[in-house]
Amino acid sequence: MGTDSRAAGALLARASTLHLQTGNLLNWGRLRKKCPSTHSEELRDCIQKTLNEWSSQISPDLVREFPDVLECTVSHAVEKINPDEREEMKVSAKLFIVGSNSSSSTRNAVDMACSVLGVAQLDSVIIASPPIEDGVNLSLEHLQPYWEELQNLVQSKKIVAIGTSDLDKTQLEQLYQWAQVKPNSNQVNLASCCVMPPDLTAFAKQFDIQLLTHNDPKELLSEASFQEALQESIPDIRAHEWVPLWLLRYSVIVKSRGIIKSKGYILQAKRKGS
């Protein structure tokens, strides 16, 4: 592992961008030794194992090239959707903005998900509420730049339907009234409310918005937890220089049977000052 780690550390010291993708977690086999108890635990585990697997397979050619963008993946787990089976699959994603205030992150994430899965279009993308300062309430202004980019992606046929997460009735109503492409779903965290709020239920029913449940934590991936995972996997690295910009979790479900065929994570990180 020492030599692998040194090569990975040297590459990360020169690169400006890291694209990490787990491939299909159902194909991991030996890499998945234990069942994580939370989404955050699963994600951190995935980041570390992907980094470990990638660093163990770095070719001398890659070290000589010192690419600016590093593609870090578990090669044997990568699985594109068979074009002949595309109509039978529902491809859904949830996008978490982590350390980016750029709405272009939305397009980058969707483009990368389409490329990874070998599809032209995602059926559904839900955006988690973007990060805001402590003590500040989420407003329409926080959501607008990301929603505008999602609308563009719907209009260019990259996404079929778009949804939100953790909006209350007032926030959802404001977005609905402003948006050109209306949200078709809103996820509610059942940890924060055991019963759907009646005003939210009534509004969603009136405007045909699907209310879904989720159990993601408020912060699925923090800058600190990403840096810790990076440092543990590749000790020869200044992990504090790396900031995750966004994270996308996808799932591919066989429509007729409701079974998950594929699921995984994709993330983009930047080196500060690069």
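The values are calculated or read from the model by the stated rules, or taken from the named source; none is laboratory data. Remember, it's a predicted structure, so these values are computed and weren't measured experimentally. Glycine also receives a Cβ, built like all others from the backbone with ideal geometry; neighbour counts cover every protein chain displayed. To get the accessible areas, we keep the full protein, side chains included, count just its heavy atoms, and leave off ligands, DNA and RNA. Shrake-Rupley method; radii C 1.70, N 1.55, O 1.52, S 1.80 Å.
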- Task: Give the Debye-formula value of log10 I(q)/I(0) at each listed q (0.10, 0.25 Å⁻¹), with one equal scatterer per alpha carbon of the stretch 109-208, two decimals each.
- Result: -0.30, -1.38
- Charge dipole (debye, nearest 20) of the stretch 57-120; +1 at Cβ of Lys and Arg, -1 at Cβ of Asp and Glu: 280
- Please work out the C-alpha center-to-center distance from the stretch 183-220 to the stretch 123-180 and express it in whole Å. 14
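State the percentage of accessible surface on the stretch 25-125 attributable to carbon and sulfur atoms; use a 1.4 Å probe and exclude ligands, DNA and RNA. Walk me through the intermediate numbers first.
Details: 2470 of 4940 Å².
Its accessible area is 50 percent carbon and sulfur atoms.
At a threshold of 8 angstrom on Cα-Cα distance, excluding pairs fewer than six apart, so keeping six or more, what relative contact order does the stretch 90-219 reach in percent? Walk me through the numbers on the way to the answer.
Values: 171 pairs, mean separation 27.8, N = 130.
Dividing the mean separation by the residue count of the stretch 90-219 yields 21 percent.
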- Query: Which residues make up the longest stretch of the chain that has no trypsin sites (Lys or Arg not before Pro) in a DSSP loop with at most 13 other Cβ atoms within 10 Å?
  - Reply: 81-156
- Query: Taking the Cα centre of the stretch 210-263 as origin and charging only Cβ (+1 Lys, Arg; -1 Asp, Glu), how large is the dipole, in debye to the nearest 20?
  - Reply: 660
- Query: In the chain, what % of DSSP beta bridges are antiparallel (nearest 5)?
  - Reply: 55
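Nearest 20 debye, what's the magnitude of the dipole of the stretch 9-78 about its Cα centre given +1 on Lys and Arg Cβ and -1 on Asp and Glu Cβ?
Details: 8 positive and 8 negative charges, 64 e Å.
About 300 debye.
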- How do LEU62, LEU190 stack up against each other in accessible area, from largest to smallest, with a 1.4 angstrom probe? LEU190, LEU62
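So what's the chain giving for Rg/Rh, alpha carbon basis, Kirkwood Rh from the mean inverse pair distance?
Working: Rg = 19.2 Å, Rh = 19.7 Å.
So for the chain, dividing Rg by the Kirkwood Rh gives 0.97.
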- Message: Just the number please: accessible area per residue for the chain, 1.4 Å probe, all protein chains included, in Å².
- Response: 49
